[in-house]
Amino acid sequence: MKEFLRVSPEAADALAGGRAVVAFESTIISHGMPHPLNIETALGAERIAREMGVVPATVGVLDGRIVVGLGRSEIKLLATEKGVLKVSRRDISWALTRGLPGATTVSATMFAAHLAGIGVFATGGIGGVHRCASGGGPRGATFDVSADLGELGRTPVCVVSAGAKAVLDLPATLEVLETEGVPVVGFRTREFPAFWSRSSGLPLDLTVESAAEVARMIAVHRSLGLPQGILVANPVPAEYEIPRAEMEPHVQQAVLELESRKITGKEVTPFLLGRIGELTGGRALETNVRLLHHNVRLACEIATELAKLRKDQG
Ligand code: PSU
Ligand code: MN
C-alpha cells in the first residue's frame, strides 16, 4: 500500500504525534472553481488551518500515487493544468496505473484520508442524488447518484460540509444517507442546509451544539466500530448566504441547459456549478468560497478537540 501513498512529512509527523490534521479535497480546485480563485481558495484554506494550529493535508493524485498533503506548487499544478482527471473512488486504481494527474472528489478524498489515518475532512458541499436521477426529466431516470453517498456509507471519516449542493434533489439525498446509515448532524441547526442557502426546509433529526460534542460523537462512533462516515452539516454564515428563493430559478435554468446540452456523468456537477456562477454574476462563487472556509474552521476545531480527547485518554 505504501508505494501508492505519499503523506507529507508535516502531516505524517502530526499524525504520529497525535496532533490535529484536517484533509481537503482537490476537485473543487480543478473542476469546481475558475482560475485564479481556485488557487486562492485552496491556499486560503491551508492558511486558516495553520493559523488554528492544525496541519492541512490537501489530497490529490500525482505520478502514480495518492498524495495526502500536496505542496504549494502541486496545488498550483492541479489548479492550472488542463485535463486533470476528476478522480472519485472508482477512478483511483486506473489513475495510479496510468500515472495521470488527478483531483480527488469527496469520495476519493475520504478514502485517502482514512488510509492515511486522518479522521476529519472539510469540503464545500457533498455530491448526492441529482434531480434527474429518479426520472422527471426528458431522459427518464438517469440513476445519477454521487459516489460520495456510498463512500459516506463505508468510510469512517467525519466530513464537514454546508449540506449537499443545492443543484441536487436534497430530500432524496437525505433518504439515501439514511439508508446508508450515515449520521447527518446539524451544527447548531435543526435543518439541512442548502449549500448557498442556510435553509432547505428539510428537518434534521440529529443536532450538535459544539465542536467538542462532534469530537465525542466521533469517539463513540469509532469505539463501536461503525464503518460509516459522519456528515456534519454547517450552514453558510448569514452574511454570505443567498436565499433559496433567489437561487432556485438559477438552479432550474442550469438543470434545463444540462438536459438540452446532453451533459452526463462526471461533467454534470462542474457544469452546474460553473453555469450557476455565471448566472449569479459570480455571487454564488463568492458564497462557495466563504462557506468552504467556514467549514475549514469548524473541521479544525473538531480535529483539535479530537486530539485533546486522545491525549486525555492516552
Ligand atoms: N463542493 C464544492 N465544489 C465542488 C465539489 C464539492 O463546493 O466542486 C465536488 C466534490 O469533489 C464532490 C463532487 O465530491 O463535486 C461531486 O461530484 P459528482 O456529483 O460527480 O459525484
Ligand atoms: Mn454523477
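The values are calculated or read from the model by the stated rules, or taken from the named source; none is laboratory data. All values reported here derive from a predicted model rather than from experimental measurement. Neighbour counts run over all protein chains shown; Cβ positions are idealised from the backbone, glycine included.
Annotation note: Cβ proximity below 9 Å between a residue of region 146-160 that is more than 25 Å from Thr304 (Cβ to Cβ) and a residue that is acidic (Asp, Glu) (sequence gap 6+ or interchain) occurs for Leu149/Glu180; Gly150/Glu180; Gly153/Glu180; Arg154/Glu180.
For region 101-143, how many residues meet the condition of being surrounded by fewer than 24 Cβ atoms within 10 Å (Cβ to Cβ), touching a Gly at 6+ places or on another chain (Cβ under 8 Å) and free of Cβ contacts under 8 Å to residues at least 60 places away in the same chain? Residues in region 101-143 being surrounded by fewer than 24 Cβ atoms within 10 Å (Cβ to Cβ), touching a Gly at 6+ places or on another chain (Cβ under 8 Å) and free of Cβ contacts under 8 Å to residues at least 60 places away in the same chain: 2 in total.
Identify, please: which residue in region 288-305 is within 11 Å of Tyr240 (Cα to Cα) and surrounded by 23 or more Cβ atoms within 10 Å (Cβ to Cβ) and is, among those, farthest from ligand 2 (Cβ to nearest atom)?
Among them, the one singled out is Leu291.
Within region 254-266, the set of residues being more than 17 Å from the chain's Cα centre (by Cα), within 14 Å of ligand 2 (Cβ to nearest atom) and at negative phi comprises Val255, Leu258, Ile263, Thr264. Quick check on my filter: what residues within region 144-171 are small (Gly, Ala, Ser) and buried (at least 22 other Cβ atoms within 10 Å of the Cβ)? Listed by number, the residues that qualify are Ser146, Ser161, Ala162, Gly163, Ala164, Ala166.
Apart from one condition, Val84 fits all of (1) in contact (Cβ under 8 Å) with a residue 60 or more places away in the chain; (2) more than 16 Å from ligand 2 (Cβ to nearest atom); (3) under 27 Å from His294 (Cβ atoms); (4) buried (at least 20 other Cβ atoms within 10 Å of the Cβ); the exception is (1).
Just one of the listed residues (Arg275, Arg290) is within 21 Å of the chain's Cα centre (by Cα), closer than 20 Å to Gly128 by Cβ, of a type in the set (Lys, Arg) and modelled with pLDDT of 95 or more, and it is Arg275. Filtering region 4-22 to residues that are closer than 15 Å to Ala113 by Cβ and of a type in the set (Lys, Arg) leaves only Arg6.
Per-residue answers, yes or no, for (1) farther than 19 Å from Ala49 by Cα; (2) in the same structural domain as Thr173 (by TED's automatic domain parsing); (3) within 11 Å of ligand 1 (Cβ to nearest atom):
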{"residue": "Trp94", "(1), (2), (3)": "yes, no, no"}
{"residue": "Pro101", "(1), (2), (3)": "yes, no, no"}
{"residue": "Thr105", "(1), (2), (3)": "yes, no, yes"}
{"residue": "His130", "(1), (2), (3)": "yes, yes, yes"}
{"residue": "Ala133", "(1), (2), (3)": "yes, yes, yes"}
{"residue": "Gly136", "(1), (2), (3)": "yes, yes, no"}
{"residue": "Arg139", "(1), (2), (3)": "yes, yes, no"}
{"residue": "Thr142", "(1), (2), (3)": "yes, yes, no"}
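For region 1-54, which residues satisfy the criterion of being surrounded by fewer than 17 Cβ atoms within 10 Å (Cβ to Cβ), under 17 Å from Ala122 (Cα atoms) and of a type in the set (Gly, Ala, Ser)? Those that are surrounded by fewer than 17 Cβ atoms within 10 Å (Cβ to Cβ), under 17 Å from Ala122 (Cα atoms) and of a type in the set (Gly, Ala, Ser): Gly44, Gly53. Within region 100-151, the set of residues being among the acidic types (Asp, Glu) and either farther than 25 Å from Pro193 by Cβ or more than 12 Å from ligand 2 (Cβ to nearest atom) (or both) comprises Glu151 only. Looking only at residues in region 56-92 that are farther than 20 Å from Thr269 by Cα and part of a helix (DSSP H, G or I), the one that is nearest to ligand 1 (Cβ to nearest atom) is Ile75.
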